[in-house]
Amino acid sequence: VIELAAVGTPALVVHGPTLDRNLATMAAARPGSRCRPHVKAHKTTELARRQHAIGHAGFTAATTREVLGLAVVGLGEDLLLANETIDGRRLRAMADCGARVTIAVDSVETIDAAADHGIREVLIDVDVGLPRGGCDPVVAGALADRAGRAGLEVRGVMGYEGHVSLYTDRAQRAAATAAAMEVLHGAHAAVGGDVVSAGATVTYDLNHVATEIQAGSYALMDTAFAPLVPEFAPAMWIESTVISVSPEHAVVDAGLKALGMDHGPPTIDGAQVLIVSDEHITFRPDEAVRVGDRVRVWPAHVDPTVAYHEWMHLTDGEEVLERWPVDLRGW
Ligand SMILES: Cc1ncc(COP(=O)(O)O)c(C=O)c1O
């Protein structure tokens, strides 16, 4: 048995029982194929195995690396690259990996690249309001025809309503989700197919159009999204060590090279975070701390935080139950 206290810091730590509760909550609300967990949020095949064991056979990925990594460990029943690529080498690797791989396309270029490099199945990615990938909904049908002529099987549509996470008010978020999904519904009528893939952790119970929800953050959760969906609890923190104490503040050995800051600074219970620099957080604790004390740093954004770490330590109390490689990192 390894004690958490023996793990070098900064370290990525996951509370096993909280993770399992989060997975069970989603699996009850969106069982089986009604949720296609997005692995970009954890980049860890061992965690994907737990999602598979609780009933979700299909996965969403953002990178080729995630697709190939899932395929190689036997989790390739139904993988969706919910992202565009024209990289022929990567497309060919996905086509030949032995898994069922479906790719998002939103242009003639991405359709032709997929067809030229052996991809068999695609979704037409539709812009539903987030200024990122996705075609203009009025051309979705024409792109589907083009994909069919290129020999691709069009399984349906995808449209990620990420912009609605700006609405912390649930009724506003529901209305924005409904508006986005009306667009996707219209595009689906023109495209056809069985799949309407959309959604996120913050819309998993508000999206009534998607046949499958691409939720990612729900498993590990973070301090930015938890207030919007409190049924999912933060399960992941950065374990850090106090390395310096002064009368005014204290310092731990975890900084912005150990956590994603794009959704704001991290939180430390019972303390005020003052400065986050490369390898340090300067904070003001409510009660005195000593050099050597362990401190939990709660990130505001789980996805980029995970991507900084090689290992995920699964714990219950002071015990490390398992040590999982964060093996889907890179591109
Ligand atoms: C294509 C796509 N689908 C779904 C999600 C939802 O992820 P989450 O549940 O972590 O908000 C994301 C996150 O950015 C995404 O890019």
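Odds and ends about this structure:
- Flag for residue 1 being more than 14 Å from the ligand (Cβ to nearest atom), in contact (Cβ under 8 Å) with a residue 24 or more places away in the chain and open to solvent by 50 Å² or more (accessible area, probe 1.4 Å): yes
- Yes/no for residue 73 being touching a residue at least 24 places away in the same chain (Cβ under 8 Å), hydrophobic (A, V, I, L, M, F, W, C) and either away from the ligand (no atom under 16 Å from the Cβ) or open to solvent by less than 60 Å² (accessible area, probe 1.4 Å) (or both): yes
- Single residue of 209, 157, 229, 164 found to be of a type in the set (Val, Ile, Thr), within 16 Å of the ligand (Cβ to nearest atom), open to solvent by 40 Å² or more (accessible area, probe 1.4 Å) and without any contact (Cβ under 8 Å) to a residue 60 or more places away in the chain: 209
- Pair list, Cβ < 9 Å and 6+ apart or interchain, from segment 320-331 residues that are part of a strand (DSSP E or B) to residues that are of a type in the set (Phe, Trp, Tyr): 323/311; 324/311; 325/311
- Evaluated against (1) β-branched (Val, Ile, Thr); (2) more than 24 Å from the chain's Cα centre (by Cα); (3) surrounded by fewer than 16 Cβ atoms within 10 Å (Cβ to Cβ), residue 191 falls short on exactly one condition, (3).
- Qualifying residue in segment 107-117 (condition: more than 19 Å from residue 201 (Cα to Cα) and under 21 Å from the mean Cα position of the chain (by Cα)): no
- Filter pass, residue 221 being assigned to a strand (DSSP E or B), within 13 Å of the ligand (Cβ to nearest atom) and either charged (D, E, K, R) or in contact with a Ser or Thr (Cβ under 9 Å, 6 or more places away or on another chain) (or both): no
- Counted as qualifying within segment 109-203 are the strands (runs of 3 or more DSSP E) with 3 or more residues that are not β-branched (Val, Ile, Thr), namely 121-125, 153-159.
The values are calculated or read from the model by the stated rules, or taken from the named source; none is laboratory data. This is a predicted model, so every value here is computed, not measured. Virtual Cβ from ideal backbone geometry, glycine too; neighbours counted across all protein chains shown. We work out accessible area using only protein heavy atoms, side chains counted, and drop any ligands, DNA or RNA first. Shrake-Rupley method; radii C 1.70, N 1.55, O 1.52, S 1.80 Å.
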